[in-house]
Amino acid sequence: MTTAGDLLHNRDGRPVERVLAVLAHPDDVDFGSGGTVAMWTAAGVDVSYCLVTDGDAGGFDPAVPRSEIPVIRRAEQRAAGAILGVEDIRFLGYRDGELHVTHELRRDISRAIREVRPDRMLIQPPERNWARIPGSHPDHLAAGEAAICAVYPDARNPFAHPSLLLDEGLEAWTVPEVWVMASPNPDTYVDATEQFDRKVAALRAHESQTAHMDDLAERIAGWMGMAASAAGLPEGRLAEAFQVVSIP
């Protein structure tokens, strides 16, 4: 299981000063890794979010016009980010529920990588988890695949997406480590017990998605409790699970 020290260094020992999270929808990062993000920012790590869609197919209130959902969800994600100490939040504006891995999407994520120049990235898994299908939303799979393609080979290759360098002056950047949240093959667990309240508060900021969940805290505690048990933590502890991949 990872420790607080591991949160601040990659497996090769290099310090982590900047993290870029690339995820499909607003609220994905808060559900999957809000506690870990809170620990990173509390330790002084600069965390940036790149949300591929605006979550415009989400929400549960039929009285809210569909045209208003993107604005609402962007505002909710900014509020949730503020709770966890994240201010740099980027939205790519792709359509929720229609995401595919395209050259344009890989370029746009590569742009974010070259702008942020992260020491670590947080992404979703590109492979389906048959034990937990709701976590394998098609947008999640597409965002995960596009993100890892942007990590390798796109963002590090100065000749890939040449407009990024020629027109925007964005030099190639090599991401040395990727953390995959909701992976079907986790190998790293973060004890985020002390950040549980902040995680829940961030999720409640996504009011259009969670206001109907009277059992939100209990649901999150249940999921994190299972991760803590898998990590061998004492009863009562709460954890988040990741697969950590070093990129040579």
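Listed values, structure above:
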| item | result |
| --- | --- |
| Residue tally, condition without any contact (Cβ under 8 Å) to a residue 40 or more places away in the chain and among the aliphatic types (A, V, I, L, M), over the stretch 149-187 | 2 |
| The stretch 79-120: number of residues that are hydrophobic (A, V, I, L, M, F, W, C), closer than 19 Å to VAL45 by Cβ and in contact with a Ser or Thr (Cβ under 7 Å, 6 or more places away or on another chain) | 3 |
| Count of the stretch 126-170 residues which are among the small types (Gly, Ala, Ser) and assigned to a loop (DSSP other than H, G, I, E, B) | 4 |
| HIS103 vs. criteria touching a His at 6+ places or on another chain (Cβ under 9 Å) and loosely packed, with under 13 Cβ neighbours inside 10 Å | yes |
| Filter result for TYR152 (within 22 Å of the chain's Cα centre (by Cα), closer than 19 Å to GLY32 by Cα and either at pLDDT below 95 or of a type outside the set (Asp, Glu) (or both)) | no |
| Every residue from the stretch 102-133 that is over 21 Å from THR174 (Cβ atoms) and more than 16 Å from the chain's Cα centre (by Cα) | THR102, GLU104, ARG128, ASN129, TRP130, ALA131, ARG132, ILE133 |
| Flag for PRO158 being modelled with pLDDT under 95, out of contact with any Gly (no Cβ under 8 Å at 6 or more places or on another chain) and surrounded by fewer than 16 Cβ atoms within 10 Å (Cβ to Cβ) | no |
| Any hit, the stretch 174-181, residues being surrounded by fewer than 22 Cβ atoms within 10 Å (Cβ to Cβ), of a type outside the set (Val, Ile, Thr), more than 24 Å from SER229 (Cβ to Cβ) and modelled with pLDDT of 95 or more | yes |
| Boolean, LEU141 is within 23 Å of VAL200 (Cβ to Cβ) and either surrounded by fewer than 23 Cβ atoms within 10 Å (Cβ to Cβ) or within 15 Å of the chain's Cα centre (by Cα) (or both) | no |
| Where a residue in the stretch 206-223 is surrounded by 13 or more Cβ atoms within 10 Å (Cβ to Cβ) and its partner, wherever it lies, is part of a helix (DSSP H, G or I) and among the polar types (S, T, N, Q), with Cβ under 9 Å and at least six apart | HIS206/GLN77; LEU216/THR210 |
| Flag for ILE113 being of a type in the set (A, V, I, L, M, F, W, C), assigned to a helix (DSSP H, G or I) and either modelled with pLDDT of 95 or more or under 22 Å from GLY32 (Cβ atoms) (or both) | yes |
| Test for PHE31: is it on the phi < 0 side of the Ramachandran plot, surrounded by fewer than 19 Cβ atoms within 10 Å (Cβ to Cβ) and modelled with pLDDT of 95 or more | no |
| Condition met for ILE72 (farther than 20 Å from ASP27 by Cα and touching a helix residue (DSSP H, G or I) at 6+ places or on another chain (Cβ under 8 Å)) | no |
| Test result for MET226, surrounded by 13 or more Cβ atoms within 10 Å (Cβ to Cβ), in contact with a Gly (Cβ under 7 Å, 6 or more places away or on another chain) and under 22 Å from ALA131 (Cβ atoms) | no |
| Single residue of GLY135, GLY97 found to be modelled with pLDDT under 95, over 18 Å from ASN185 (Cβ atoms) and not acidic (Asp, Glu) | GLY97 |
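The values are calculated or read from the model by the stated rules, or taken from the named source; none is laboratory data. Keep in mind that what you see is a predicted model, and the values were worked out from it rather than measured. Ideal geometry is used to build each Cβ from the backbone, glycine not excepted, and the neighbour counts take in all protein chains shown.
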